[in-house]
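Encoded as structure tokens, the structure appears first; notes follow it.
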Amino acid sequence: MAIKVAKVSIENIDDTEGLESVMTALKNITGVTAIELDPASSSALVRYEDTDTSIHAFTAAISMVDYVTQPYPIDAPQNPRYYE
């Protein structure tokens, strides 16, 4: 059991709502003990208990937030309103 610190990228999330979504996603991960966002460097420092979680959980959570907030062209298959 050890507290570790990981620096994770939060690129492409440039608004307050997106940053709040990242904070919420990271806070909901079991084992996360503290988060420090640094929007200026597009990164976050995450302190966590290494027996409860891993860096992979952080990157997955951030990817999910980025996916949800990422704008897509109307005709892109990733767009939830896309109809063939």
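The values are calculated or read from the model by the stated rules, or taken from the named source; none is laboratory data. Every value quoted in this text rests on a predicted model; they were computed, and no experiment measured them. No Cβ is skipped: glycine too gets one built from the backbone with ideal geometry, and neighbour counts run over all protein chains shown. Heads up: the accessible areas ignore ligands, DNA and RNA and are worked out on the full protein's heavy atoms, side chains in. Shrake-Rupley method; radii C 1.70, N 1.55, O 1.52, S 1.80 Å.
Some notes on this structure:
- The conditions of being open to solvent by 80 Å² or more (accessible area, probe 1.4 Å), among the charged types (D, E, K, R) and modelled with pLDDT of 85 or more are not met by Glu11.
- Close pairs from region 14-33: first buried (at least 16 other Cβ atoms within 10 Å of the Cβ) and aliphatic (A, V, I, L, M), partner at pLDDT below 85 and in a helix (DSSP H, G or I), Cβ under 7 Å, at least 6 apart: Leu19/Pro39; Val22/Ile62; Val22/Val65; Ala25/Ile62; Ala25/Met64; Ala25/Val65
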